Each structure stands twice: as C-alpha cells, then as structure tokens.
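The values are calculated or read from the model by the stated rules, or taken from the named source; none is laboratory data. Note that the structure is a prediction, hence the values are computed from the model and not measured. Glycine gets a Cβ as well: all are built from the backbone with ideal geometry, and neighbour counts include every protein chain shown.
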C-alpha cells in the first residue's frame, strides 16, 4: 500500500516558490527521477500564516522516499538557495480503511 509523506519546511513560502520556479528544468529532472524511484504524487502547500510550507508526496514505500531523498544532494542545494531556515521534518502516513473515505 502506498504511503503519504509530509515534509515540513520553515522559510518564506514566496521566496521558496520563486527559487523553485527559477530553474524549472532542474526541478522537472528531480521530479522525473523521483517518479522512477516510486513517487506517485507531489505538491507544495504554503502555511496560511506565511511561516513555512509542507511538501505532500505519495510514494510506493517510505523506504523508496528515504533512499531518494538521501541520495538527492541537489534538493539540499535548492533548499539553501530558497532560504529554507530549518532541516526538513518528514512524517510517514498510511491510510486507514474507514467507511467515510472518498
């Protein structure tokens, strides 16, 4: 079963968005490599108070995400360029089978 990965990042969402959009080819190359390693979905969300953002991913396994993230040095470089002010915090979530799901 797939796993939901949330990655909490502190920093200015507008600056992070601008930095990520400054080199779309580099970001697309990272995304393609992630897909090849087991990423199913990926999206950034800014905190409403402007203090940071989360990355919400769906991966085939938590281990696939951890391997990809650990070997992707360019992600750290991009975070530095974007002014990220803390180490990212990853959490892993598995869906529960409940009758209210839609």
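Could you figure out which of (1) modelled with pLDDT under 95; (2) out of contact with any strand residue (DSSP E or B) (no Cβ under 6 Å at 6 or more places or on another chain) isn't true of residue 64?
(1)
So which residues in region 71-87 are touching a strand residue (DSSP E or B) at 6+ places or on another chain (Cβ under 6 Å) and crowded, with 17+ Cβ neighbours inside 10 Å, if there are any at all?
If the condition is that a residue be touching a strand residue (DSSP E or B) at 6+ places or on another chain (Cβ under 6 Å) and crowded, with 17+ Cβ neighbours inside 10 Å, then 84 is the only one that fits.
Return yes when residue 94 is at pLDDT 95 or above and within 17 Å of residue 8 (Cα to Cα) and no when it is not.
no
Just checking, which of 39, 48, 19 is buried (at least 16 other Cβ atoms within 10 Å of the Cβ) and out of contact with any strand residue (DSSP E or B) (no Cβ under 8 Å at 6 or more places or on another chain)?
19
The conditions are (1) buried (at least 17 other Cβ atoms within 10 Å of the Cβ); (2) touching a residue at least 60 places away in the same chain (Cβ under 8 Å), and residue 68 fails exactly one of them. Which is it?
(2)
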